[in-house]
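S.K.: The following block contains the structure, expressed as structure tokens.
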Amino acid sequence: MMMDETAESKLIDDYIMNRLNKDQRKSFEVRLDQDPALQEALQIRQIMIEQVKTIGNLQLKDKILNIQKNVEGKEKHIAKRRNIRYFISIAAAMVVLFIGFQWFNTTQSVSNLYANNYEAYDQLRFGNRSTQEDKTLLDVGALYQKGNYAEMLKAIESLAPNEKEDDRIILASAICHMELEHYKKAIGILKQASVQNEFFYQDQAKWYLALNYLKLDQIEKSNKLLQDLSKTSNFYSKKAKDLLEDIK
Amino acid sequence: MEKRSDKVIIKQLKSIEEKEVDSALTYLYTVSKKTVSRFILRNKGNQQDVDDFFHDGLIAFYNLVKQDKINPDTNVEAYLYSICRNMWAKKLMKKPNDLELNDSFNVIKTEEIQIDTILKGERKNLIEQILKDLGKECEKILLLFYYEQLKMKEIVQKMHYANDQVLRNKKSKCMKSLRQVVLDSTFYKNQLTQK
């Protein structure tokens with residue numbers, strides 16, 4: 001005996017969707033065995049629900065395909081950005097390496113030029129011990145000759161003002177500073193000396209000043225002094241020309 | 001992507017809010033596909049197999065969640081992986097254990113994870129006819145009831161009906177239309193003759 005359609009349909013739905021308890025399920029199955037109309041109703045209901053579930057699966061599959069597109073799109077985007085960052089990093093590293101290499105080369109070559117051309121001036125003569133003044137200068141000069149440059153700078157401090165203005169002491173103090181790598185101090189002394197017409201060691205002052213500028217990578221200033229020297233006819237003329245060539 | 005607990009994932013998949021479901025599916029897609037992909041590619045599969053079987057595995061897992069067949073304490077990622085693995089093993093006509101180490105999910109019944117998303121012939125015609133004749137509203141009601149397995153009250157809330165009775169009447173009409181399409185179909189007639 002069939003129930004009214006709505007109640008019967010609900011019961012069949014609950015059976016198909018496994019919503020009946022154990023007793024209800026058993027009771028339904030007993031009825032099912034004896035009722036061909038219920039069997040037919042169940043069969044068609046199962047087919048109907050099966051089609052609805054298939055439509056649900058197809059729609060879910062579409063949704064998953066969209067998720068796939070989004071996820072893979074984002075992954076591709078991230079990978080693209082990562083690649084761009086990677087290439088930028090490599091390019092930046094190459095630029096840094098190139099600049100570093102160039103700087104290293106320039107620094108190396110400037111350092112080499114300085115080292116190849118610099119030597120302490122060894123023609124300074126500080127007189128004999130005939131006068132007290134000469135004796136003092138001779139003691140100070142001895143420190144220079146022995147290469148005790150730091151000691152010599154201290155000794156110069158204790159000299160009398162007129163002794164400090166001695167051209168030999170001025171040039172020697174500049175050389176001492178260069179030996180001790182006080183290039184800026186050396187530049188201060190030599191710059192002042194090189195423009196004084198009465199300064200005895202004017203060419204030497206220009207030469208060592210040019211070397212100081214070279215050491216500090218002030219190539220233009222160095223070039224200008226070397227060009228001046230190259231036009232003279234003294235000992236430093238050829239040295240200046242050669243150095244100008246090397247700088248080029 | 002921030003790690004989600006298994007309970008949160010299952011709760012989201014059961015939610016009546018579509019964006020919650022989408023969020024859980026996207027999460028599972030992102031965290032699980034690589035593992036499934038490695039397994040299938042190591043076992044004679046290609047990238048198309050990976051996509052097909054992972055998608056069907058995800059659908060099967062979703063159905064099991066909706067049918068309350070997944071324990072809330074289940075390790076969701078491992079379970080999803082096992083479904084895909086079992087599907088692929090079936091395709092290769094091999095036992096899952098021949099392909100990979102044993103695990104606790106070999107009890108998954110094959111019929112529970114059988115997903116039919118590639119339709120042909122009469123079945124395809126029937127589905128197309130249903131989608132054509134039913135209308136969007138009926139399609140949605142029946143999907144929410146039979147596929148999403150929402151309760152009547154949840155469907156009333158989701159579809160903004162006045163009350164349960166309105167929905168019951170609509171659903172009854174939709175089922176009558178569906179019944180007629182099925183009864184008229186060659187697919188159904190062939191099913192009857194096969195018995």
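Conditions (1) within 30 Å of A:L137 (Cα to Cα); (2) within 39 Å of the chain's Cα centre (by Cα), marked per residue:
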position: A:E165; (1), (2): yes, no
position: A:L209; (1), (2): yes, yes
position: A:Q218; (1), (2): no, yes
position: A:K224; (1), (2): no, yes
position: A:T232; (1), (2): no, no
position: A:K241; (1), (2): no, yes
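S.K.: Any residue in region B:106-126 that is facing chain A (nearest Cβ under 10 Å) sitting within a Cβ distance under 9 Å of a residue that is loosely packed, with under 14 Cβ neighbours inside 10 Å and at pLDDT 75 or above? List the pairs, counting only those 6 or more apart or interchain.
M.R.: B:L119/B:E128; B:L126/B:T186
S.K.: With respect to B:V181, determine if the residue is more than 28 Å from B:Q12 (Cα to Cα), part of a helix (DSSP H, G or I), more than 8 Å from every other protein chain (Cβ to nearest Cβ) and modelled with pLDDT of 85 or more.
M.R.: For B:V181, the condition - more than 28 Å from B:Q12 (Cα to Cα), part of a helix (DSSP H, G or I), more than 8 Å from every other protein chain (Cβ to nearest Cβ) and modelled with pLDDT of 85 or more - is met.
S.K.: Quick one: is B:Q67 under 25 Å from A:D14 (Cα atoms), within 12 Å of chain A (Cβ to nearest Cβ) and exposed (fewer than 14 other Cβ atoms within 10 Å of the Cβ)?
M.R.: yes
S.K.: Got a number for residues in region B:154-195 being under 22 Å from the mean Cα position of the chain (by Cα) and exposed (fewer than 14 other Cβ atoms within 10 Å of the Cβ)?
M.R.: Looking only at that region, the number is 0.
S.K.: Inspect region A:143-165 for any residue being in a loop (DSSP other than H, G, I, E, B), of a type in the set (D, E) and without any contact (Cβ under 8 Å) to a residue 40 or more places away in the chain and give the result as yes or no.
M.R.: yes
S.K.: Can you confirm whether region A:182-200 contains a residue that is touching a residue at least 40 places away in the same chain (Cβ under 8 Å) and in a helix (DSSP H, G or I)?
M.R.: No, that holds for no residue.
S.K.: Could I ask something else about it? Report whether or not A:A210 is farther than 23 Å from A:E151 by Cα, modelled with pLDDT of 90 or more, in the same structural domain as A:D167 (by TED's automatic domain parsing) and not in a loop (DSSP other than H, G, I, E, B).
M.R.: So A:A210 fits the description; yes.
The values are calculated or read from the model by the stated rules, or taken from the named source; none is laboratory data. All of these numbers come straight from a predicted model, not from anything done at the bench. Cβ atoms come from the backbone with ideal geometry, glycine included; neighbour counts cover every protein chain shown.
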